[in-house]
Amino acid sequence: MNVREELVRQIPNLRAFAVSLSGNAERADDLVQEALMKAWANIEMFEAGTNMRAWLFTILRNVYYSDFRKKRREVEDADGKFAANLATHPEQLGHLDMVDFRRALAGLAADQREALVLVGASGFSYDEAAEICGCAVGTVKSRVNRARAKLAELLAVHSPGEYGPDHQTRAVVDARK
């Protein structure tokens, strides 16, 4: 597989990571585009035989934090009132669950959210996540553990049996079998 094909293959993973960092799909697309442009412009810096995915995620993370520092002085919709007026309310329970999950995920400390997304959602090993975050493996493990515990607390999940679809969704799925 050539470099161009590998870059294109990683776009969905990069976008998912960017959405988790920024919390905004449009901003995530801009972050991914900028990260890919930087990667392409500096492709000679990539060492053949190393993990391109980790290299791209590191570039994306650096783009996000550089952009974050630049935009720190801008006025934000911190309380979400403006954004709430633009959003349409979900019509299905699954959408409500996702809204709750996104809120809970946003309620995590940034370093915990980042570690959880890298390990839990993006499939990176703890070693790879530590390399991307620029910290020790034990630090990543600790952040992921704390993030999972905090998510369970925020979502009021007390046992593994509470994960997964609700009773109504489960009944529909079972009826289709």
Query raised in the report: Does V3 satisfy the criteria of being at pLDDT below 90 and either farther than 19 Å from E114 by Cβ or touching a helix residue (DSSP H, G or I) at 6+ places or on another chain (Cβ under 7 Å) (or both)?
Result: yes
Query - Entirely in the stretch 3-66, the helices (runs of 4 or more DSSP H) that have 1 or more residues that are over 14 Å from the mean Cα position of the chain (by Cα) and polar (S, T, N, Q) - result: 25-41
Report task. Kindly indicate the residue of the stretch 77-124 that is at pLDDT 65 or above, open to solvent by 50 Å² or more (accessible area, probe 1.4 Å) and in a loop (DSSP other than H, G, I, E, B) and also nearest to T58 (Cα to Cα) among those meeting that condition. Result -> G123
**Report entry** Test result for F46, closer than 30 Å to G80 by Cβ and among the aromatic types (F, W, Y)
**Finding:** no
Query raised in the report: What pairs come up if the first residue lies in the stretch 35-56 and is open to solvent by 70 Å² or more (accessible area, probe 1.4 Å), the second is in a helix (DSSP H, G or I), and their beta carbons are under 8 Å apart, counting only those six or more places apart or on different chains?
Result: K38/I59; K38/V63; W40/L7
Query - Selection from the stretch 5-29 of residues that are open to solvent by 70 Å² or more (accessible area, probe 1.4 Å), over 23 Å from V99 (Cα atoms) and among the charged types (D, E, K, R) - result: E5, R9
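The values are calculated or read from the model by the stated rules, or taken from the named source; none is laboratory data. The structure presented is a predicted model; accordingly, all values stated were derived computationally and were not measured. Methodologically, a virtual Cβ is constructed for each residue, glycine included, from the backbone with ideal geometry; neighbour enumeration extends over all protein chains shown. Calculation scope for accessible area: heavy atoms of the full protein, side chains included, ligands and nucleic acids excluded. Shrake-Rupley method; radii C 1.70, N 1.55, O 1.52, S 1.80 Å.
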